[in-house]
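Read the structure below first, then the notes.
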Amino acid sequence: MSASTERKNRQAAREAGTDKKTLAQEKELKEQARSKRRWTLGTIAVVLVVAVVLLLNSSLVTKATAFTVGDKNFSTADVSYRYANQYYNFANQYGSYASLFGLDTSNGIRGLDKQPCSMTENGTWKDYFMDSAKQEMIQATIFGKYAADNGITLDEDDLATIDGAFEGLEEQARNYGYGSGDKMLAANYGDGVNQALIRKAYEESLLANKAAEALTDSFTYTEEELQEKYKSFNGEQDFFDYAYCYVSAETVETTGEDGETSSAPTEETLAAAQAKAEAVAETYKTAEGDDPAVRLNNAAAAEGQSSSKQTHVQGSGVPASEWMRDESRKAGDVTVEPNDNGCYVVVFLSRDDNNYKTANVRHILVKAAADADGVYTDEAKEAAKAKAEEILAKYESGDKTEESFAALAEQYSEDTGSNTNGGLYENVAKGQMVQEFNDFCFAGHKSGDTGIVYGESGSYAGYHVMYYVGEGEVYSLHLAEDALRADAVNAWVEEAEAANPTKDGFGMKFVG
């Protein structure tokens, strides 16, 4: 190649940008550009990481929407409070018995997403409490709208109740080592949870309750409608007295393929139990005496068995239920009904169709103090009785009106279920209260009658200062009305929920 040709080629390469020098310069520039791009992208990544950290540690997350009902948004903090509150209410209600449900409370709300919950289908305890929290928010939303549409608001008493819930909070927080009440609430319920948020949730809850009561009361029915509804229960709400003998089938031990042994009745032992029960029934039919329960007892004894008598058992829970609830049933009728483990002999004694007037009463409960072992001593009971007599004497020394008794109930009664409404219980049904309380209600008193009765259950022992207000509703119609109203409210709720669809938001992932 000539020198002139080589010069021409180098000139052409420079013009085309493909000579070695130009290519080297381009390569260096590209490397610098790539290096600059890598540095820039790296910086952006760092900035993004820092931004996420700042986001997670700021109020942006706690204020982010976690759950939406219709057009109402609930923040992460809103949901965190309700979720934790569902857990705390459950744990406080059942205490050490929570473990019987399979709930481990040793770590609080942490780890609930790792605990299987038998009360949900293939779910965890977090799922269970979250579902409850969501339902609470749904109810608050739909009933809040009902309240707004119907002019329902919180009154001064409601607001005073809310104020009372926060009394002593700051002192309590300091006693537990927190700098403020808000810090204690955030530590126990979640970031962003403070007094203002809880107060708002409390207001929404109270308003929803008032709205639900107003909605329930808005439904009215004729007596014919109530009677028809009660008839549709087919005796499940009636109460029965009956005598029975239960013949247990013998169990046979078997060993499975896995080597495990188990005991269960066989077809032969079940047939033998039924034959024995039928023999008891036949002996009963020929036994002498006017009392069917006594006759069954004698018949059972003759066959080497025993019998029992049950009173005031609801129709949905009696043995041989369909037979027992048959309207043609009369005292002394007997039947035999087998089940998986043996066979019943059942004798019908009587039926209460709830066609009686309930009672409206006021009361003042004075509890006896339990000792360190939880025992109510005679001395403690006497002290409670003396205080009850003092209260009744104070009532009798005044104007002896229902209003004055109600005032004393609010001042002295230890029954948290009624001491804020003058000790009033309306439409008390037979068997609803402890025996002595029940006896007073249905002893034929007239309005204004008073008395003192003893009462004891698994949670207390003490004395009730009683005031008979008067008869309430017919119990069967009361039950029917409750059922019809419940059906109507449920239908309304279903429609309202359909009109207010729900969805989870970004903030939900930070709850719990």
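The values are calculated or read from the model by the stated rules, or taken from the named source; none is laboratory data. It should be emphasised that the depicted structure is a prediction, and the values quoted were computed from it without experimental measurement. FYI the Cβ positions are ideal-geometry reconstructions off the backbone, even for glycines, and counts take in every protein chain you see. Protein only, heavy atoms only, side chains kept; ligands, DNA and RNA dropped before computing areas. Shrake-Rupley method; radii C 1.70, N 1.55, O 1.52, S 1.80 Å.
So is residue 318 β-branched (Val, Ile, Thr), open to solvent by less than 30 Å² (accessible area, probe 1.4 Å) and over 20 Å from residue 283 (Cα atoms) or not? Yes. If the condition is being assigned to a loop (DSSP other than H, G, I, E, B), within 20 Å of residue 88 (Cβ to Cβ) and β-branched (Val, Ile, Thr), then the range 152-196 contributes only 193.
For beta carbons closer than 7 Å, sequence separation of 6+ or different chains, a first residue in the range 298-319 that is in contact (Cβ under 8 Å) with a residue 24 or more places away in the chain and a second that is polar (S, T, N, Q) and open to solvent by 50 Å² or more (accessible area, probe 1.4 Å), the qualifying pairs are 300/306; 307/297; 314/237; 315/237.
If only residues of the range 254-286 that are over 41 Å from the mean Cα position of the chain (by Cα) and acidic (Asp, Glu) are counted, the one that is farthest from residue 481 (Cα to Cα) is 257. Of all residues in the range 286-310, those being modelled with pLDDT of 95 or more and closer than 27 Å to residue 353 by Cα number 11.
Out of 456, 471, 481, 494, one residue alone is under 27 Å from the mean Cα position of the chain (by Cα), closer than 30 Å to residue 241 by Cβ and open to solvent by 70 Å² or more (accessible area, probe 1.4 Å). It is 456. Any residue in the range 66-80 that is in contact (Cβ under 8 Å) with a residue 40 or more places away in the chain and open to solvent by less than 30 Å² (accessible area, probe 1.4 Å) sitting within a Cβ distance under 7 Å of a residue that is assigned to a strand (DSSP E or B) and β-branched (Val, Ile, Thr)? List the pairs, counting only those 6 or more apart or interchain. Cβ pairs passing all conditions: 67/502; 68/502; 69/502; 75/65.
Give the residue that is surrounded by the fewest Cβ atoms within 10 Å (Cβ to Cβ), with candidates limited to residues of the range 325-374 that are hydroxyl-bearing (Ser, Thr, Tyr) and part of a loop (DSSP other than H, G, I, E, B). I'd like the intermediate steps shown before the answer.
First pass over the range 325-374, keeping only residues hydroxyl-bearing (Ser, Thr, Tyr): 328, 335, 344, 350, 356, 358.
With the extra rule that they be part of a loop (DSSP other than H, G, I, E, B), the set shrinks to 328, 356.
On the way: 328: 5, 356: 14.
Ranking the qualifying residues of the range 325-374, first place goes to 328.
Residues in the range 181-202 that are in contact with a Leu (Cβ under 9 Å, 6 or more places away or on another chain) and open to solvent by less than 30 Å² (accessible area, probe 1.4 Å): 181, 184, 185, 193, 197, 198. Return the residue satisfying two criteria in turn: it lies in the range 375-388 and is part of a helix (DSSP H, G or I) and of a type in the set (A, V, I, L, M, F, W, C), and of such residues it is most open to solvent (accessible area, probe 1.4 Å). Here the answer is 383.
Just one residue in the set 113, 104, 131 is over 20 Å from residue 503 (Cβ atoms) and free of Cβ contacts under 8 Å to residues at least 24 places away in the same chain; that residue is 104.
Exactly one residue out of 461, 486 is surrounded by fewer than 17 Cβ atoms within 10 Å (Cβ to Cβ) and out of contact with any strand residue (DSSP E or B) (no Cβ under 6 Å at 6 or more places or on another chain): that is 486.
Mind checking which residues of the range 389-418 are in a loop (DSSP other than H, G, I, E, B), within 30 Å of residue 477 (Cβ to Cβ) and either among the aromatic types (Phe, Trp, Tyr) or without any contact (Cβ under 8 Å) to a residue 12 or more places away in the chain (or both)? Quick ask: steps written out before the conclusion?
Of the residues in the range 389-418, the ones in a loop (DSSP other than H, G, I, E, B) are 397-401, 413-418.
From the residues that got through so far, the ones that are within 30 Å of residue 477 (Cβ to Cβ) too are 401, 413, 415-418.
Those that are in a loop (DSSP other than H, G, I, E, B), within 30 Å of residue 477 (Cβ to Cβ) and either among the aromatic types (Phe, Trp, Tyr) or without any contact (Cβ under 8 Å) to a residue 12 or more places away in the chain (or both): 401, 416, 417.
The set of residues in the range 395-446 that are over 30 Å from residue 158 (Cα atoms), touching a helix residue (DSSP H, G or I) at 6+ places or on another chain (Cβ under 8 Å) and open to solvent by 60 Å² or more (accessible area, probe 1.4 Å) contains only 430. Comparison of 213, 121 shows that the only residue that is of a type in the set (D, E, K, R), open to solvent by 50 Å² or more (accessible area, probe 1.4 Å) and either farther than 28 Å from residue 495 by Cα or not in a helix (DSSP H, G or I) (or both) is 121.
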